[in-house]
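Visitor: Got a structure here, written out as structure tokens. Questions coming.
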Amino acid sequence: MLTNNTAESFFERHHIDPVFKEVITHNFGQLNLPIQTQVEVSRLPRAMDALVVLKSPDEIEKVRAETAFHYFRGHNHIELKGKEDELTLFGYHLIRGRSHLYLGENEVSTKDMTVTIVSARKPINVLQKCPEDVRWEQVDVGHYRSTDLLPVHLFVCNELKIEPKNYPLLLFAASKKKLRQFFERIVEEDNTLYIYYAHFADYELIEEVLKMAGKQSQYEKTLERFAKDYGPSLLRGLTPEERLHGLQPEERLSGLQPEEILRGLSPEAREKLRQLLNGQGKQN
């Protein structure tokens, strides 16, 4: 049975992950650089959240100059640990394990690869209480690096400076105070794209910030347009079950013809459905 914590973690992984992958894909898409998401690295059910492969020194320099990832090399593994999905020591080892599987199966040298963890909140236990397993040095505000031969870079969203290169990461901060500060900045800048993304991160908070700024009605039609343009790409990251989450039965069946509903049902299931529709399946 799932505990409350594991249930919340499962919910977040299956609902915020598509948003993270869309945001990180857009971030590198702006630089006209390829990025893959949900990258299988072995025959085991282990997949990276995102992988950026840079094929030239010019591409590497572009990323280093224009994003928060100023240390990127040729092959770059990125993982998200959301606010209900805390980074633990064992989770850290699993992430490194996926990176090493990728190194081995793709014959990539350690010197050509980086590993990045984007963590919504500060993982105190991993950063401060496990020196026998991993040691860290601080690179910048909210940015830490392990001292391993294959260094792991850790961004703590709650601690990052509010500046454009960090916008893709700030969306996933666990701190309401940090999110509010970030939302106030993007609303002040009229940054429509990130206001759109903010509705997935914390709908109530961004609506409150827009209302306080007197811009709520201004963005309604704009957000509808963005939903039309970007919504399908987000939906592609969801399973059929996730797409139906929260819909009423009549909403799930909307637009379907009777033959489409019946198609694929066994004869027994069809007969039972007919009986229910005709009131014959009611209990006495």
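The values are calculated or read from the model by the stated rules, or taken from the named source; none is laboratory data. What you are looking at is a predicted structure, and each value in this text was computed from that prediction instead of being measured. Every residue, glycine among them, receives a Cβ derived from its backbone with ideal geometry; neighbour counts consider all protein chains shown.
Visitor: For segment 17-32, which positions are among the aliphatic types (A, V, I, L, M) and touching a strand residue (DSSP E or B) at 6+ places or on another chain (Cβ under 7 Å)?
Guide: 24
Visitor: May I pose another question? Hey, does segment 56-76 have a residue that's of a type outside the set (Asp, Glu) and touching a Gly at 6+ places or on another chain (Cβ under 6 Å)?
Guide: No, that holds for no residue.
Visitor: Still on this structure, I have one more. Looking at residue 52, is it modelled with pLDDT of 95 or more and either assigned to a loop (DSSP other than H, G, I, E, B) or under 17 Å from residue 172 (Cβ atoms) (or both)?
Guide: No, not satisfied.
Visitor: Here's another thing I want to ask about it. Of the residues in segment 34-49, how many are assigned to a loop (DSSP other than H, G, I, E, B), surrounded by fewer than 18 Cβ atoms within 10 Å (Cβ to Cβ) and not hydroxyl-bearing (Ser, Thr, Tyr)?
Guide: 5
Visitor: Please verify whether residue 220 is at pLDDT 95 or above and either over 30 Å from residue 60 (Cβ atoms) or β-branched (Val, Ile, Thr) (or both), treating the condition exactly as stated.
Guide: no
Visitor: Would you confirm, using the coordinates I've provided, whether residue 163 is within 16 Å of residue 141 (Cα to Cα) and either surrounded by fewer than 21 Cβ atoms within 10 Å (Cβ to Cβ) or not assigned by TED's automatic domain parsing to the domain that holds residue 138 (or both)?
Guide: So residue 163 fits the description; yes.
Visitor: In segment 146-156, is there at least one residue being without any contact (Cβ under 8 Å) to a residue 24 or more places away in the chain, closer than 22 Å to residue 48 by Cα and surrounded by 15 or more Cβ atoms within 10 Å (Cβ to Cβ)?
Guide: Yes, segment 146-156 contains a residue that is without any contact (Cβ under 8 Å) to a residue 24 or more places away in the chain, closer than 22 Å to residue 48 by Cα and surrounded by 15 or more Cβ atoms within 10 Å (Cβ to Cβ).
Visitor: Taking interchain pairs and intrachain pairs at least six residues apart, which have beta carbon atoms under 8 angstrom, with the first residue in segment 188-204 and free of Cβ contacts under 8 Å to residues at least 24 places away in the same chain and the second crowded, with 21+ Cβ neighbours inside 10 Å and basic (Lys, Arg)?
Guide: none
Visitor: A further question on this structure: Being buried (at least 16 other Cβ atoms within 10 Å of the Cβ), at pLDDT 95 or above and over 18 Å from the mean Cα position of the chain (by Cα) narrows it down to one residue among 114, 67; which is it?
Guide: Checking each option against the conditions leaves just 114.
Visitor: Let me ask something else about it. Hey, could you check segment 149-205 for residues that are among the β-branched types (Val, Ile, Thr) and outside any loop (DSSP other than H, G, I, E, B) and say which is modelled with the lowest pLDDT?
Guide: 192
Visitor: Is it the case, given these coordinates, that residue 88 is under 21 Å from the mean Cα position of the chain (by Cα), farther than 21 Å from residue 140 by Cα and either among the hydroxyl-bearing types (Ser, Thr, Tyr) or assigned by TED's automatic domain parsing to the domain that holds residue 169 (or both)?
Guide: yes
Visitor: Can I ask one more? Inspect segment 172-185 for any residue being buried (at least 22 other Cβ atoms within 10 Å of the Cβ), in contact with a His (Cβ under 6 Å, 6 or more places away or on another chain) and within 23 Å of residue 84 (Cβ to Cβ) and give the result as yes or no.
Guide: Taking every residue of segment 172-185 in turn, none turns out to be buried (at least 22 other Cβ atoms within 10 Å of the Cβ), in contact with a His (Cβ under 6 Å, 6 or more places away or on another chain) and within 23 Å of residue 84 (Cβ to Cβ).
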